[in-house]
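**Student:** Sending over a structure as structure tokens; questions will come in a sec.
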Amino acid sequence: MARRLPVVGGNWKMHTTRTEARALLQALRADLDGLAGAQIVVCPPAPWLSDAADALAGSTLEVGAQDVHWEPNGAFTGAISAPMLAGVASWVIVGHSERRHLFGETAEETNAKLRAILAAGLRPILAVGERQEESDRTADILRRQLDEGFLGFDRLPADVVIAYEPVWAIGTGLAATPDDAQTRCALIRSMLAQRFGAAAADNCRIQYGGSVNPQNIGGYAKQPDIDGALVGGASLDAAAFTAICRAVAAA
Ligand code: 13P
């Protein structure tokens, strides 16, 4: 099996002014353009996507959106469609726990968004993960989120990246231990294998996300089933995000 190229995503969430975004984009390009050994996806807020596309054009850094609507167009005030994103981004995060739990995104919506992303020729980062109160049945939750996310899929699209993000680890500083994250990512891979076959599962990149920082990334980067990270808070700091990307690339 060819080694999977790890992916490091920076999910800026609802942070940065335009000035801050432009400065961060410039710094990331200066620090990370040409880095071998990891694919880097920068996911700024939607208003700065075209700034990101401009700032990173011609570099090895790629642009991702944080969410999408499932319809291609229509009377959906405030929503942004996948064909619109296709002009400025090449990736889209879908099913993030903040969309699921703070905005009430349903499993059907996650599935429809995933389809819309792929139909527009974009690459999805599908986020899954259990909440604190679900931690005694993590396997059931992950299986359900994968089954529902991929409902109606008869094969695993090669471009899908899965992000395992335990909700209790997001933004709390309470990162999962590398061993626990490895166990969960391996479990996700085995579920993908059961559903789509061993080859598809072997090729699928699975990230860990949840309080990743320059100090703890090394523990995740060396795990056999963890193929990079989805980074929130630390992705807003160019030096921290650069250190994370370099650690992943060097592992
Ligand atoms: P933090 O790295 O801030 O915990 O956020 C993780 C996350 O939700 C990335 O999508």
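Just so you know, all these numbers are worked out from the coordinates, no wet-lab data involved. These figures come from a predicted structure and were not determined experimentally. Virtual Cβ from ideal backbone geometry, glycine too; neighbours counted across all protein chains shown.
**Student:** How large is ³J(HN,Hα) for each residue in the stretch 83-98, as worked out from phi by the Karplus curve 6.51 cos²θ - 1.76 cosθ + 1.60 (θ = phi - 60°), to whole Hz, x for Gly and Pro?
**Tutor:** Those phi angles translate into x, 5, 5, 4, x, 10, 9, 10, 10, 9, 6, 9, x, 4, 4, 5 Hz.
**Student:** Restrict the search to the stretch 177-251; then list the trypsin sites (Lys or Arg not before Pro) that DSSP places in a loop and that have at most 16 other Cβ atoms within 10 Å of their Cβ. Mind showing how you got there, number by number?
**Tutor:** Working: sites: R184, R189, R195, R205, K222, R246; in loops: K222.
Those satisfying the criteria are K222.
**Student:** Using only Cα atoms, locate the centre of the stretch 84-108 and the centre of the stretch 128-150, then give the distance between them in Å, rounded to an integer.
**Tutor:** The distance from the Cα centre of the stretch 84-108 to that of the stretch 128-150 comes to 17 Å.
**Student:** Once amide H atoms are built 1.01 Å from N in the peptide plane, which residues 5 or more positions from A229, or in another chain, come under 5 Å H to H?
**Tutor:** V7, V8, G9, Y208
**Student:** Further question on the same structure: Once every Cα of the stretch 200-244 carries one equal point scatterer and solvent is ignored, give the base-10 log of I(q)/I(0) from the Debye formula at q = 0.29 Å⁻¹, two decimals.
**Tutor:** -1.03
**Student:** Now, a different point. How large is ³J(HN,Hα) for each residue in the stretch 195-207, as worked out from phi by the Karplus curve 6.51 cos²θ - 1.76 cosθ + 1.60 (θ = phi - 60°), to whole Hz, x for Gly and Pro?
**Tutor:** Karplus values, whole Hz, x for Gly and Pro: 7, 10, x, 5, 5, 4, 5, 5, 7, 6, 8, 10, 9.
**Student:** Based on the Cα atoms of the stretch 127-179, what semi-axes does the equivalent ellipsoid have, where each is the square root of 5 times one gyration tensor eigenvalue, given in whole Å with the largest first? Mind dumping the intermediate values first?
**Tutor:** On the way: eigenvalues 109, 37, 14 Å².
That gives 23, 14, 8 Å for the three semi-axes.
**Student:** Classify the chain as rounded, prolate or oblate from the Cα gyration tensor: take a ≥ b ≥ c as the square roots of its eigenvalues, call it rounded if a/c is under 1.5, otherwise prolate when a/b beats b/c and oblate if not.
**Tutor:** On the way: a/c = 1.42, a/b = 1.09, b/c = 1.30.
Judged from the Cα gyration tensor, the chain comes out rounded (a/c under 1.5).
**Student:** Run the numbers on the stretch 18-164 and let me know its relative contact order in percent, using alpha-carbon pairs under 8 Å that are six or more apart. Walk me through the numbers before you get to the answer.
**Tutor:** Details: 210 pairs, mean separation 26.8, N = 147.
18 percent.
**Student:** Quickly estimate the mean residue ellipticity at 222 nm for the chain, helices only: each DSSP H run with n ≥ 4 gives -39500 (n - 2.57), and the total goes over all residues, rounded to 500.
**Tutor:** Calculated at 222 nm, the ellipticity per residue is -11500 deg cm²/dmol.
**Student:** Under the classification rounded if a/c is under 1.5, otherwise prolate if a/b is larger than b/c and oblate if not, where does the stretch 128-229 fall, given a ≥ b ≥ c as square roots of the Cα gyration tensor eigenvalues? Could you put the intermediate results ahead of the total?
**Tutor:** Numbers: a/c = 2.14, a/b = 1.41, b/c = 1.52.
Oblate, because a/c is 1.5 or more while a/b does not exceed b/c.
**Student:** OK, next. Based on Cβ point charges of +1 for Lys and Arg and -1 for Asp and Glu, what charge dipole magnitude is obtained for the chain about its Cα centre, in debye rounded to the nearest 20?
**Tutor:** Numbers: 22 positive and 28 negative charges, 84 e Å.
That gives the chain a dipole magnitude of about 400 debye.
**Student:** What is the stretch 98-225's relative contact order, in percent, from Cα pairs under 8 angstrom and six or more apart in sequence?
**Tutor:** Computed value for the stretch 98-225: 25 percent relative contact order.
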